[in-house]
Structure formats: C-alpha cells, structure tokens
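Asker: Structure in structure tokens, see below.
The values are calculated or read from the model by the stated rules, or taken from the named source; none is laboratory data. Keep in mind that this is a model prediction, so the values were computed, not measured. Neighbour counts are summed over all protein chains in view; Cβ atoms, including those assigned to glycine, are modelled from backbone coordinates with ideal geometry. Just the protein is used for accessible areas: all its heavy atoms, side chains included, with ligands, DNA and RNA removed. Shrake-Rupley method; radii C 1.70, N 1.55, O 1.52, S 1.80 Å.
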Amino acid sequence: MINSDNNLLQFDLSYDQPVAGVDEVGRGPLAGPVVAAAVIIDINNIPDGINDSKKISKKRRLELCNEIIKYSIYSIAEASVEEIDQINILQASLIAMKRAIEGLSKKPKTVLVDGKFKPRTSLPTHAIIKGDSQSLAIAASSIIAKVYRDNLMSNLSKNYPDYLWEKNAGYGTKEHLLAIKKYGITPIHRKSFKPIYNILN
C-alpha cells in the first residue's frame, strides 16, 4: 500500500473528501467509443504504484486496475461512435465523464477532472491540467478507463480482425490506415474523423 507522503495523495487530500477522480481514454482513435472512468479511492487501501496510465506497462496497468477495482468505488461509462460523429469528440468525452460521475454509488464532495474542460454536474468540479500526473484519483481513473477500453477494442477486433484493434486500440497506425484503404470502414469507425471523412467524401 502507498505511503502517506505520496504527492498524488496529498494533492487529493487538499480538497473536500471524498474526492472522485475522472479521466477519459480514446479521444484520438479513428474507431471505437470514448470511455470515461470515475474513481473514489479508499485512502486506507491505496495500491502502490498508481500513476498516469501512459507511464505504466500494460502488465502492471492490469494488475493495478484489479487492485483499484477491489478497493475503490468506481464507475465506467462510454459515449458511442454515433454520439462522437453527431456532437464532436470533445462534447462526447464530457458526456462520458458526466455519465461516469453519475454512475458512482457514493456521491463525492469534490470531482477532479483531467484536462481543461469540465462536464456539467451539480457537484464542485475542478479541471486539472495533466491531472493524471498530479491527482491519485485521476491517475486511478485513467488506469481503469485505459484497461477497459483496450479490452473493449480487443473484443471488437474479433469481429473485424483486419484492422488490428487488439494492437492499436483504434488509433490511426500505419497498419490501421492501410486496412481502411484496403477493406473500407466498419460501423465502429468514426466517420467525422480525418482521414475517414476524406475517404467517404
């Protein structure tokens, strides 16, 4: 378990408790939903090694995700490809965050959101730039959201194996772009995103 002088924990303790951290994953990919997680950590049971999900190996991320889920109150929500194409990725991300917050079984006194923008909520909410490297709860939510979305894209890849989503999670890698040119797009692709928009028009 984490020690009490951890900077990420101290950051969260400076706000009214309990604190919910919120982060989203999947703003950049060409395919798949955007996913948000909200996490209220039990400060007496904090897994050691929580950090920005991008700084943790895939294996360790999965281990931490299981530990966070075991000891925390959490909620995961999505905004669909259709919603992304209809209202744009930023608004879809904010909707996913709002859904994640509303899905928590316990009401937080403070919500800390990664980034510059805040979802609409009646709770006291703070947007924290690079929050996943400052806030323990945001870092925990980034881990849960990342693991969930990676698993989701791996499962979707079974139906569309040519696009290698189990490896690229829907991001526009060279292999993914070549597959789009060769096989066309799927219902899982975001039609409003370049280069897919350019292909269709």
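Asker: If you place +1 on the Cβ of every Lys and Arg and -1 on the Cβ of every Asp and Glu, how big does the dipole about the Cα centre of the chain come out, in debye to the nearest 20?
Answerer: Working: 27 positive and 21 negative charges, 116 e Å.
Using only the charged Cβ atoms, the result is roughly 560 debye.
Asker: Please report, in Å, the Rg and the Dmax of the stretch 1-114, where both are computed over Cα atoms only.
Answerer: In Å, with Rg to one decimal and Dmax whole: 14.7, 45.
Asker: Two-decimal Rg/Rh of the chain from alpha-carbon positions, Kirkwood Rh?
Answerer: 1.00
Asker: For the stretch 135-199, what Kirkwood radius comes out of the mean inverse Cα-Cα distance, in Å?
Answerer: This gives a value of 12.8 Å.
Asker: With a sphere of radius 11 Å drawn around the Cβ of Ile196, what net charge do the other residues whose Cβ falls strictly inside it have (Lys, Arg +1; Asp, Glu -1)?
Answerer: My count for the surroundings of Ile196 gives +3.
Asker: Now for a different question. Give the dimensionless ratio obtained when the Cα radius of gyration of the stretch 87-140 is divided by 2.2 N^0.38 Å.
Answerer: On the way: Rg = 10.9 Å, N = 54, 2.2 N^0.38 = 10.0 Å.
Cα-based Rg divided by the globular estimate yields 1.09.
Asker: Comparing Tyr148, Tyr160, Tyr171, which has the greatest mean-square fluctuation in the GNM of the chain with Cα pairs linked when under 10 Å apart?
Answerer: Comparing Tyr148, Tyr160, Tyr171 in the GNM, the peak value goes to Tyr160.
Asker: Using a Cα-Cα cut-off of under 24 Å, which lysines could be cross-linked to Lys70, ignoring same-chain neighbours fewer than 8 residues away?
Answerer: Lys54, Lys55, Lys58, Lys59, Lys98, Lys106, Lys107, Lys109, Lys146
Asker: Considering only protein heavy atoms and a 1.4 Å probe, what is the carbon-and-sulfur percentage of the accessible area of the chain?
Answerer: Of the solvent-accessible surface of the chain, carbon and sulfur hold 51 percent.
Asker: Considering every pair of different Cα atoms, what Kirkwood radius, in Å, is found for the stretch 48-136?
Answerer: Kirkwood radius, the stretch 48-136: 14.4 Å.
Asker: Compute the accessible area per residue over the stretch 50-201, keeping the other protein chains in place, probe 1.4 Å, unit Å². Intermediate values should be presented prior to the final figure.
Answerer: Numbers: 8200 Å² over 152 residues.
Value for the stretch 50-201: 54 Å² per residue.
Asker: As I understand it, the dipole of the chain uses +1 on the Cβ of Lys and Arg and -1 on the Cβ of Asp and Glu, about the Cα centre. Which of Asn44, Asn66, Gln86 lies farthest toward its positive end?
Answerer: Toward the positive end, the furthest listed residue is Gln86.
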